[in-house]
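The values are calculated or read from the model by the stated rules, or taken from the named source; none is laboratory data. Model, not experiment: these values are computed from the prediction. Backbone-built Cβ (ideal geometry, glycine too); neighbour counts: all protein chains shown. Each accessible area value is taken on the protein alone, full model and side chains, heavy atoms only, with ligands, DNA and RNA left out. Shrake-Rupley method; radii C 1.70, N 1.55, O 1.52, S 1.80 Å.
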Amino acid sequence: MACISSQGELSESARKMLAAMDASATPEDVASRTELPLFRVRAGLREMAEAGLVELNEEAYSPTQLGRSLLTP
Amino acid sequence: MSSLVESTVQETSHAPAASVQSASLPRLGMAAPAFEAVTTHGKIRLSDFHGTWLVLFSHPADFTPVCTTEFLAFAAIAPELRKRNVELLGLSIDSTSSHIAWVRNIKEKFGIDIPFPIIADSNKEVATLYGMLMPGESKTETSRCVFVIDPVGIVRAMIYYPLTTGRNTDEILRLLDALQTTDKHKVATPANWKPGDKVIVPPPATMEDVEARLNAGYECTDWYFCKKSV
């Protein structure tokens, strides 16, 4: 998995993406803020949505409570 | 494992020929076949590249010498391609573990990072979809194919090399420059064109156009053969 390891830990790119999201962000916003390639952001956000870490509302994603909790040390 | 995405219409809704294209091998000017595949960067769909140019290329096998030289060459042009809004996506009929081990080996032996994802097409789904297997060469290894797909998902160029001949990545870069110049300026590019050279003005279709052409300040050898700088 690109964003979540088999141990359920976030990859570095997933952390970057989650940290770059405020209330709501499009993949283009996240790509711009993280300097990750857009294709990778799209694939990563889709994967994180399947894992319940972000949710999609129309064309923008926002972190879920679970997603936010994984960012805090 | 790769799995084909059913939503071809959604994938290529901007392309008028999508419904015709979905069941056949890639054709120039037609929508690229949609796919979802496991890669060294996770599961990726063709639609993830919407808005960027994509160079989808296959190689015969990991841990082989010609392919290694090609990967070094593709890695070398990756920064130039990125400047042109072009992404690379490799493919072979190998597992993700094999790809990862090979990429790590390239880093260890040559000191080069491979920055692009590689499809692990163990079940040959994407290779079959794109016609990358040439039975006359091999039934188990993909030939050296290159598909240039534009930001709206249309196949713009295809190159096929045999197993024995490594590709010229400078030509791939030149091809991208030519395609992008064509799109931007609505012109064609002559043989051996490179950025900075004059381009071909499309031939006129009417007598009126011919007269206008000859007075337009182009460098014309004859009415049908005019060049200009861009």
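If exposed means no more than 13 neighbouring beta carbons inside 10 Å and the site is in a DSSP loop, what's the longest run of chain B without any exposed chymotrypsin sites (Phe, Trp or Tyr not before Pro)? Before the final figure, lay out each step's value.
Working: sites that count: B:63, B:224.
Here the longest segment lacking exposed loop sites spans B:64-223.
Neighbouring Cβ atoms from other chains, within 10 Å of the Cβ of residues in B:173-184, number 0 on average.
Taking Cα atoms only, the orientation of helix B:96-110 departs from the longest principal axis of chain B by about 80 degrees. Looking at segment B:132-192, which trypsin sites (Lys or Arg not before Pro) are in a loop (DSSP not H, G, I, E or B) and have at most 11 other Cβ atoms within 10 Å? Passing sites in segment B:132-192 are B:139, B:186.
Summarising the label geometry, the points placed 7 Å from Cα in the beta-carbon direction at residue B:85 and residue B:164 lie 4.1 nm from one another.
Across the residues of A:33-43, average count of Cβ atoms on other protein chains within 10 Å?
Numbers: counts 0, 0, 0, 0, 9, 7, 14, 7, 1, 7, 11.
So the per-residue partner count for this stretch is 5.
When +1 charges are put on Lys and Arg Cβ atoms and -1 charges on Asp and Glu Cβ atoms, the dipole computed for chain B relative to its Cα centre reaches about 300 debye.
Of all beta bridges that DSSP places with both ends in the protein assembly as shown, some 75 percent have antiparallel geometry. Shown here for chain A: GluC sites (Glu not before Pro) in loop regions (DSSP other than H, G, I, E, B) with at most 14 other Cβ atoms within 10 Å, namely A:9, A:35, A:58, A:59.
So if we plug the beta-carbon distance of residue A:62 and residue B:96 into 1/(1 + (r/R0)^6) with R0 = 30 Å, what FRET efficiency do we get, rounded to 0.05? Could you put the intermediate results ahead of the total?
Working: r = 30 Å, r/R0 = 1.01.
Step by step, r from the Cβ atoms, then E = 0.50.
Bridgeable lysines around residue A:16 (alpha carbons under 19 Å apart, same-chain partners fewer than 8 residues away excluded): B:43. For residue B:194, the aspartates and glutamates whose Cα comes closer than 20 Å to its Cα, not counting residues fewer than 8 places off in the same chain, are B:80, B:150, B:170, B:171, B:177, B:183, B:219. Over all Cα atoms in chain A, the spread is summed up by Rg and Dmax: 10.7, 31 Å.
Using the rule -39500 (n - 2.57) for each DSSP H run of four or more residues, divided by the residues of chain B, the 222 nm mean residue ellipticity is -9500 deg cm²/dmol. Across the protein assembly as shown, the volume of the C-alpha convex hull divided among the residues equals 170 Å³ per residue.
With the Cα gyration tensor of segment A:32-73 giving a ≥ b ≥ c as the square roots of its eigenvalues, does the rule (a/c under 1.5 for rounded; else a/b larger than b/c for prolate; else oblate) give rounded, prolate or oblate? It is oblate, given that a/c is not under 1.5 and a/b is not larger than b/c.
For a straight C-alpha distance cut-off of 24 angstrom, the lysines reachable from residue B:198 (same-chain residues fewer than eight places away being disregarded) are B:83, B:184, B:186, B:227, B:228.
For chain B, the alpha-carbon radius of gyration amounts to 1.13 times the rule-of-thumb value 2.2 N^0.38 Å expected for a compact globular protein. What is the list of residues in segment B:60-93 whose amide nitrogen lies under 13 Å from a point 7 angstrom out from the Cα of residue B:134, following Cα to Cβ? Flagged as within label range: B:60.
In peptide B:31-40, what is the residue-averaged number of other protein chain Cβ atoms found within 10 Å of each Cβ?
Numbers: counts 0, 0, 0, 0, 0, 2, 0, 2, 3, 1.
Counting Cβ atoms of other protein chains within 10 Å of each residue's Cβ and averaging gives 1.
With every protein chain kept in place and ligands, DNA and RNA left out, what is the accessible area per residue of segment B:125-205? Probe 1.4 Å, answer in Å².
Working: 3760 Å² over 81 residues.
Heavy-atom SASA per residue in segment B:125-205 reads 46 Å².
Against chain B, whose longest principal axis is taken from its Cα atoms, helix B:169-185 shows a tilt of about 40°.
The angle separating the long axis of helix B:65-83 from the principal Cα axis of greatest extent in chain B is about 50 degrees.
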